[in-house]
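The values are calculated or read from the model by the stated rules, or taken from the named source; none is laboratory data. Keep in mind the model is a prediction, meaning the values are calculated, not measured. With ideal geometry, Cβ positions are generated from the backbone for all residues, glycine too; neighbour counts draw on all protein chains shown. Side chains are part of the model used for accessible areas, which takes the heavy atoms of the whole protein and leaves out ligands, DNA and RNA. Shrake-Rupley method; radii C 1.70, N 1.55, O 1.52, S 1.80 Å.
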Amino acid sequence: MFPFNLTGPQFLAFYAAFSAVALVAYWYYTSPRQAPARSTRSQELAADPYKIACLRGGEEEAIRLSIVNLVDRGLLANDGLMLKATGVARSDALRIPLERAIVTHCASPTLPGALLGDRAVRAACVEYDKDLQRKGLLFKDEERRARLNALRVVVLLLGGIAFARILQALSHGRANIVFLIILTGIACWIAYGIYSRRITPAGNQALTNLATLLQRLKNQVSRLTPGGVTNEAVLLAAVFGIYALPAPAFPFVEQIFPRPRGQSDASGSASFDSGGGGCGGGGG
């Protein structure tokens, strides 16, 4: 029965073509059908650096940025990795829920990892995610669920055909199944990559526009002044990542969040997939 009556090379050619068609169909199914009703201007996002960080790297990125911003403004103090609210920090005086949650949690010394996993801190980021979905910059929850269901179908289809062929080969005493296993793994990996997209094309465009808008500031990063005097530092870190801040002026960044091994200074820049308010001085 076709395609199981094909020879080994012929079946591999068929399977590669079938996988390509299935993946293209899956990509098309998971792509937005229409553009957002109203495009989001860069200025709207620039007014809320935490939302930018959430768009670029998810809730954990928004939390990291908030921690860095609070330390820079003197509302949190760090002793190496340990964080603690300072005497001038009053959670009830902070108007941003994420900052309030972090300062409240840091009433006693705590590690950054505990903040990243704290339920109240994560809950303070939910509105960022919802607003970005409403603006069409992130895929909506229902779209993600539909993508997951479709992924299961694609993996089941590709894996089922490959599994049946492998059983057929083994039953006939043939063991030349390595290429088929590799091809199946690659196809399923690509399918998962399509599924894992968070950011819509409109979201990618918004991030690209922000990166272009802040390129001059990034080129003059050594002139940034710590202390939360302006919002330039937190805005730069929101768009390009916290490691874009100059280490001499912001040494606490790598003390709190040690740079991943092998990551260069250019890492943490605006890298967007295809598919984190008011900060800076006086944000309280």
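Ranked by the mean number of other Cβ atoms within 10 Å of their residues, highest first, the peptides 154-161, 1-8 come out as 154-161, 1-8.
When both the range 207-239 and the range 167-193 are represented by their alpha-carbon centers, they are found 48 Å apart.
Classify the chain: rounded, prolate or oblate, from the alpha-carbon gyration tensor (a ≥ b ≥ c, eigenvalue square roots; a/c under 1.5 rounded; otherwise prolate if a/b is larger than b/c)? Prolate is the answer for the chain, as a/c is 1.5 or above and a/b outweighs b/c. Per-residue packing, averaged as other Cβ atoms within 10 Å, sorts the ranges 213-226, 57-70 into the order 57-70, 213-226, beginning with the highest.
Solvent-accessible area of the chain (1.4 angstrom probe, protein heavy atoms only): carbon and sulfur portion equals 60 percent.
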